[in-house]
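Please treat every number below as a calculation from the coordinates, not as lab data. Being a predicted model, the structure only gives us computed values, none of them experimental. Cβ placement follows ideal geometry from the backbone for every residue including glycine, while neighbour counts extend to all protein chains displayed.
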Amino acid sequence: MEPGVLLIVVTVIVAGIGIVLGTLTPAIVEGRAVIKAFDTMARQPEIVDEVRQTLIISMALLETTAIYALLIMLALVFANPLLERFFPGG
């Protein structure tokens, strides 16, 4: 197998693993945050509005982590900087 093809195959595999981990971790953390928020809302109904606002902001920030992971992995797959660095002109 040519080194360029091997580099592409390894990059695709690493990008696949990276996107799985990059989306799985924020999803688990988001689930835990929702569970804690609902538990707090059930125990103290008078602060539901504050908890809801904080939950929405934190969910948005957590979701950006998955979006950044997707962006980096897509850049690795479609605009692979390693190919040009190690195999110039090819």
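Quick one: would you say Gly31 is exposed (fewer than 12 other Cβ atoms within 10 Å of the Cβ) and either in contact with a Pro (Cβ under 7 Å, 6 or more places away or on another chain) or outside any helix (DSSP H, G or I) (or both)? So that I can check it myself, show each step before the final result.
Details: exposed (fewer than 12 other Cβ atoms within 10 Å of the Cβ): yes; either in contact with a Pro (Cβ under 7 Å, 6 or more places away or on another chain) or outside any helix (DSSP H, G or I) (or both): no.
So Gly31 does not fit the description; no.
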*Looking at the stretch 40-54, which of its residues are in a helix (DSSP H, G or I) and surrounded by 11 or more Cβ atoms within 10 Å (Cβ to Cβ)?*
Thr40, Met41, Ile47, Val48, Glu50, Val51, Arg52, Thr54
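Which one of Thr65, Thr25, Thr11 is surrounded by 14 or more Cβ atoms within 10 Å (Cβ to Cβ), under 30 Å from Arg85 (Cβ atoms) and more than 14 Å from the chain's Cα centre (by Cα)? Full working, then the answer.
Numbers: Thr65 fails: more than 14 Å from the chain's Cα centre (by Cα); Thr25 fails: more than 14 Å from the chain's Cα centre (by Cα).
Just a single option satisfies the conditions, and that option is Thr11.
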_Members of the stretch 41-62 that are more than 27 Å from the chain's Cα centre (by Cα) and of a type in the set (S, T, N, Q)_ = Gln44
*Assess whether Val5 counts as being assigned to a helix (DSSP H, G or I), without any contact (Cβ under 8 Å) to a residue 12 or more places away in the chain and loosely packed, with under 11 Cβ neighbours inside 10 Å.*
yes
*Take the residues of the stretch 72-86 that are without any contact (Cβ under 8 Å) to a residue 60 or more places away in the chain and not hydrophobic (A, V, I, L, M, F, W, C): which is nearest to Ile19 (Cα to Cα)?*
Pro81
*When you scan the stretch 80-90, how many residues do you find that are in a loop (DSSP other than H, G, I, E, B) and closer than 15 Å to Ile13 by Cα?*
1
